[in-house]
Amino acid sequence: NMTDVWQALGDKNTRVVAQIAPAVRVAVGEAFGLPKGESTMGKIVAALHCLGFDEVFDTTYTADLTIMEESAEFLDRVAKGEKLPLLTSCCPGWVKYAEHFYPDMLDSLSSCKSPQQMFGAVTKSYYAEKMGLDPKNIVVVSVMPCVAKKFELTRPELSNDVDISI
């Protein structure tokens, strides 16, 4: 909700942190007539800073963390002889699809958070600690191309360290 974003940006006691999905940095360029595939991350970061965002990060970092966690989970399952295959949990649209159409395979889904949720968790723990901030004073905004990311924020079983997805 953009109203919530503007309210957070207007609150001087709130640190507003954005995460940008990889697809956004290319799609924005195409929308403005730049050559296909050209990254506009620098332009997006500059624009978000001009709007008042305190920090802007690329979700690619937490996508890598999710992959590392899923790899560790896979190796643990192999070592213990547990259920395989291990299916990724990084896409909330895929998770919802599996819940509705393949409930018999839910025990094959990884227990890892999605990159969006991983970013929120890292921001409100590690980043907050390193910056000397109270996590309650941090608003995490996801800039994502997928409406399933918005849905993910409504799931009650998640810690939802991401506050807003636009």
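The residue that is surrounded by the fewest Cβ atoms within 10 Å (Cβ to Cβ), counting only those in the stretch 110-125 that are free of Cβ contacts under 8 Å to residues at least 40 places away in the same chain and within 21 Å of Asn13 (Cβ to Cβ), is Ser125. Of all residues in the stretch 41-60 being in contact with a strand residue (DSSP E or B) (Cβ under 7 Å, 6 or more places away or on another chain) and among the β-branched types (Val, Ile, Thr), which is farthest from Lys12 (Cα to Cα)? Ranking the candidates gives Thr59 first. Within the stretch 47-67, is there a residue that is open to solvent by less than 30 Å² (accessible area, probe 1.4 Å), within 23 Å of Val139 (Cβ to Cβ) and touching a Phe, Trp or Tyr at 6+ places or on another chain (Cβ under 6 Å)? Checked against the condition, which is being open to solvent by less than 30 Å² (accessible area, probe 1.4 Å), within 23 Å of Val139 (Cβ to Cβ) and touching a Phe, Trp or Tyr at 6+ places or on another chain (Cβ under 6 Å), the stretch 47-67 yields at least one hit. Please verify whether Val162 is modelled with pLDDT of 95 or more, closer than 19 Å to Val45 by Cα and either in contact with a Gly (Cβ under 6 Å, 6 or more places away or on another chain) or small (Gly, Ala, Ser) (or both), treating the condition exactly as stated. Yes.
Taking the stretch 86-166 and the helices (runs of 4 or more DSSP H) fully enclosed by it, the elements with 1 or more residues that are among the charged types (D, E, K, R) are at 92-101, 128-131, 147-152.
Checking each residue in the stretch 135-154 for being without any contact (Cβ under 8 Å) to a residue 40 or more places away in the chain and either surrounded by 11 or more Cβ atoms within 10 Å (Cβ to Cβ) or of a type in the set (Phe, Trp, Tyr) (or both) picks out Pro135, Val147, Lys150, Leu153. Residue by residue through the stretch 33-43, note down the ones that are in contact with a helix residue (DSSP H, G or I) (Cβ under 7 Å, 6 or more places away or on another chain) and either at pLDDT 95 or above or over 23 Å from Met2 (Cβ atoms) (or both). Lys36, Gly37, Glu38, Ser39, listed by residue number.
To keep it simple, each residue is scored yes or no on (1) under 17 Å from the mean Cα position of the chain (by Cα); (2) in contact (Cβ under 8 Å) with a residue 12 or more places away in the chain.
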{"position": "Val28", "(1), (2)": "no, yes"}
{"position": "Phe32", "(1), (2)": "no, no"}
{"position": "Gly37", "(1), (2)": "no, no"}
{"position": "His49", "(1), (2)": "no, no"}
{"position": "Gly52", "(1), (2)": "no, yes"}
{"position": "Glu55", "(1), (2)": "yes, yes"}
{"position": "Thr59", "(1), (2)": "yes, yes"}
{"position": "Leu65", "(1), (2)": "yes, yes"}
{"position": "Glu70", "(1), (2)": "yes, yes"}
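Is one or more of the residues making up the stretch 122-134 of a type in the set (Lys, Arg) and within 10 Å of the chain's Cα centre (by Cα)?
no
Elements of the type helices (runs of 4 or more DSSP H) sitting completely within the stretch 1-85 and holding at least 1 residues that are in contact with a Cys (Cβ under 7 Å, 6 or more places away or on another chain) and within 22 Å of Met118 (Cβ to Cβ): these cover 60-80.
Within the stretch 81-109, being of a type in the set (A, V, I, L, M, F, W, C) and either open to solvent by less than 90 Å² (accessible area, probe 1.4 Å) or under 14 Å from Glu152 (Cβ atoms) (or both) holds for Leu84, Leu86, Leu87, Cys90, Cys91, Trp94, Val95, Ala98, Met105, Leu106, Leu109.
The values are calculated or read from the model by the stated rules, or taken from the named source; none is laboratory data. What you are looking at is a predicted structure, and each value in this text was computed from that prediction instead of being measured. Positions of Cβ are generated from backbone atoms using ideal geometry, with glycine treated the same way; all protein chains shown enter the neighbour counts. Quick note on the areas: whole protein, heavy atoms, side chains included, nothing else; ligands and nucleic acids left out. Shrake-Rupley method; radii C 1.70, N 1.55, O 1.52, S 1.80 Å.
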